[in-house]
Amino acid sequence: MTSVDSRNLQVTGKLVFGRGCFNQLDEILGKKRLNDEAPFIFLVDDVFESNPSRDIVSLIPLRGPDRIIFVNVDDEPKTSYVDELTETIQREFSELPNGVIGIGGGSTMDLAKAVALMLTNPGGSAKYQGWDLIKNPAVYHVAVPTLSGTGAEVSRTTVLTGPERKLGLNSDYTVFDQMVLDPELIKGAPKNQRFYTGMDCYIHCVESLEGTYLNAFSRAFAEKAKQLCREVFLEKESWDDDSDEKLMMASYMGGMSIAYSQVGVAHALSYGLSYLLGTHHGVGNCIAFDQLDEFYPESVAEFRQMVEVQGVDIPGGICAGLSVEQFDTMIDVALFLEPLWENALGSNWRETITREKLRSLYERM
């Protein structure tokens with residue numbers, strides 16, 4: 001038998017899916033209350049702090065010392081914010097929390113993963129930006145997505161903007177212990193936000209399927225997730241319950257696909273936009289992908305069909321007027337993500353991706 005160096009993939013331990021399954025969270029957490037004096041920390045997107053149309057807060061099963069902390073994700077998650085949240089929890093509670101629950105979109109779930117890690121790993125989070133630098137297991141942590149598409153609920157990374165770069169805490173310990181996938185919770189999200197986040201999933205699938213790291217595992221998940229994205233964004237102009245369920249499963253499967261492969265050109269460029277301009281990940285991917293006909297021609301054409309069917313706007317001109325130094329900053333961030341370029345173009349990717357090439361791509365955005 002030929003020896004193959006395959007990665008031993010860490011996946012989420014438990015998953016519950018279905019309408020109304022958020023009501024099971026109290027029972028799920030009850031089995032993890034190992035210390036009655038220790039809290040569960042609920043990190044909740046502050047869009048739900050006062051939102052009668054999407055009342056999620058009243059459903060959160062608080063017990064004893066449990067605490068809700070509303071988090072602001074108007075900006076992409078930063079290492080400084082992760083450290084601030086971690087220090088707040090450590091100051092307020094002498095006991096290590098029983099767990100951290102992230103309730104929100106991809107940024108909120110990334111914050112929950114990062115805080116769960118930093119409660120058990122010393123030093124600021126910036127020192128752990130990279131691959132497999134985390135040494136200690138995180139506290140128990142749970143994903144409750146209220147938007148679908150990022151795959152943050154399933155990925156082994158938590159993407160953070162640090163003082164020097166935008167880069168994830170990539171670790172087996174990052175993966176959530178439990179997912180609660182309730183399609184009711186994504187109902188009522190703003191149309192543009194749904195689209196940008198859903199396109200993150202679509203682009204995951206494209207970059208996985210057209211990458212050099214592709215394998216049967218990644219292909220199986222990506223093909224199904226891409227099909228579901230088409231059903232949601234090409235075949236329907238209006239949103240319904242069926243769309244919520246399909247996109248929630250597409251997000252999961254798209255995340256599983258890249259967990260055993262990698263993303264590509266759009267994500268690398270989006271990281272540069274986010275680091276310099278603060279562009280949110282989903283919309284940044286859309287801005288970048290719209291300029292990538294030479295890399296993904298058929299999928300970019302299909303993406304533009306989705307934009308037209310859904311009647312959304314893709315921002316343009318965001319790089320107009322940038323200085324040479326600012327372009328160089330974005331290029332440095334993008335070039336640092338070598339695995340993404342290798343997946344997209346192979347081991348000789350540097351022959352195609354020069355600083356001049358990246359400058360020309362950013363100038364179109």
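What to note about this one:
- For segment 68-119, GluC sites (Glu not before Pro) meeting the loop criterion (DSSP other than H, G, I, E, B) and having at most 11 other Cβ atoms within 10 Å: 95.
- Whole-angstrom gap from segment 63-81 to segment 290-351, using each part's C-alpha centre: 30 Å
- At 0.692 mPa s and 37 °C, Stokes D of segment 1-55 from Kirkwood alpha-carbon radius, µm² per second: 209 µm²/s
- Projected-area average for segment 6-109 over all orientations - Cα convex hull basis, square nanometres: 8.8 nm²
- Of 34, 284, 162, farthest towards positive along the dipole that unit charges on Lys, Arg, Asp, Glu beta carbons give the chain: 34
- The Cα atoms of segment 87-147 give a gyration tensor whose axes a ≥ b ≥ c have a/c of 1.5 or more with a/b no greater than b/c, which makes the shape oblate.
- Principal-axis analysis of the Cα atoms of the chain puts helix 297-310 at an angle of about 60° to the longest axis.
- Equivalent ellipsoid, segment 223-308 (semi-axes from 5 times Cα gyration tensor eigenvalues, Å): 22, 16, 14
- P(r) tail, segment 75-220: Cα-Cα pairs separated by more than 22 Å, 42% of all pairs.
- Surface/4 of the Cα convex hull for segment 298-365, nm²: 5.6 nm²
- FRET efficiency for residue 351 and residue 7, using Cβ-Cβ distance with R0 set to 25 Å, rounded to 0.05: 0.40
- 24 Å Cα-Cα threshold exceeded, pairs from 187/226; 78/113; 32/113; 166/224; 14/127; 78/135: 166/224; 14/127
- Taking amide H positions as modeled 1.01 Å from N, with prolines and chain starts lacking one, the residues under 5 Å from residue 71 and 5 or more places away or on another chain are 44, 45, 46.
- DSSP-defined antiparallel bridges as percent of all bridges, the chain, nearest 5: 10 percent
- HN-Hα J in Hz across segment 287-293 - Karplus 6.51, -1.76, 1.60, θ = phi - 60°, x for Gly and Pro: 4, 5, 4, 5, 10, 10, 4
- Amide H contacts under 5 Å for residue 141: 100, 177, 178, restricted to partners 5 or more places along the chain or on a different chain, H placed in the peptide plane at 1.01 Å from N.
- The alpha carbons of the chain stretch over 58, 57, 45 Å along the principal axes, in descending order.
- Rounded to two decimals, the Cα radius of gyration of segment 152-283 over 2.2 N^0.38 Å is 1.05.
- For residue 168, the residues whose modelled amide H falls within less than 5 Å of its own, excluding neighbours fewer than 5 places apart on the same chain, are 130, 160.
- Among the GluC sites (Glu not before Pro) in segment 254-325, those placed in a DSSP loop whose Cβ has at most 13 other Cβ atoms within 10 Å are 294.
- Length-normalised contact order of the chain in % [C-alpha pairs under 8 Å, at least 6 apart]: 16 percent
- Simple spin-label estimate for residue 51 and residue 88 in nanometres, 7 Å along Cα-Cβ: 1.7 nm
- Inter-probe distance in nm under a simple model that places probes 7 Å from Cα toward Cβ, at residue 298 and residue 120: 4.4 nm
- Integer Hz, Karplus 6.51/-1.76/1.60 couplings in order for segment 254-266, x for Gly and Pro: x, x, 5, 4, 6, 4, 10, 9, 5, 8, x, 4, 4
- Under the combined filter of DSSP loop state and at most 10 neighbouring Cβ atoms within 10 Å, segment 1-61 retains these trypsin sites (Lys or Arg not before Pro): 7, 31.
- Two-site label geometry, residue 132 and residue 216: point separation in nm, points 7 Å out along Cα→Cβ: 2.5 nm
- Amide N of segment 17-46 lying under 12 Å from the label point, which is placed 7 angstrom from the Cα of residue 68 along Cα→Cβ: 42-46
- Note that segment 233-239 has calculated 3J(HN,Hα) couplings of 9, 9, 8, 9, 8, 10, 8 Hz, one per residue in order, obtained from phi through the Karplus relation 6.51 cos²θ - 1.76 cosθ + 1.60 (θ = phi - 60°); glycine and proline are x.
- Percent RCO, i.e. relative contact order, over segment 114-205, from Cα pairs under 8 Å lying at least 6 residues apart: 32 percent
All of the numbers you see were taken from the coordinates with simple rules; none came from a lab. Computed from a predicted model, the values in this text were never measured in an experiment. Every residue, glycine as well, gets a Cβ built from its backbone with ideal geometry; the counts of neighbours run over all protein chains shown.
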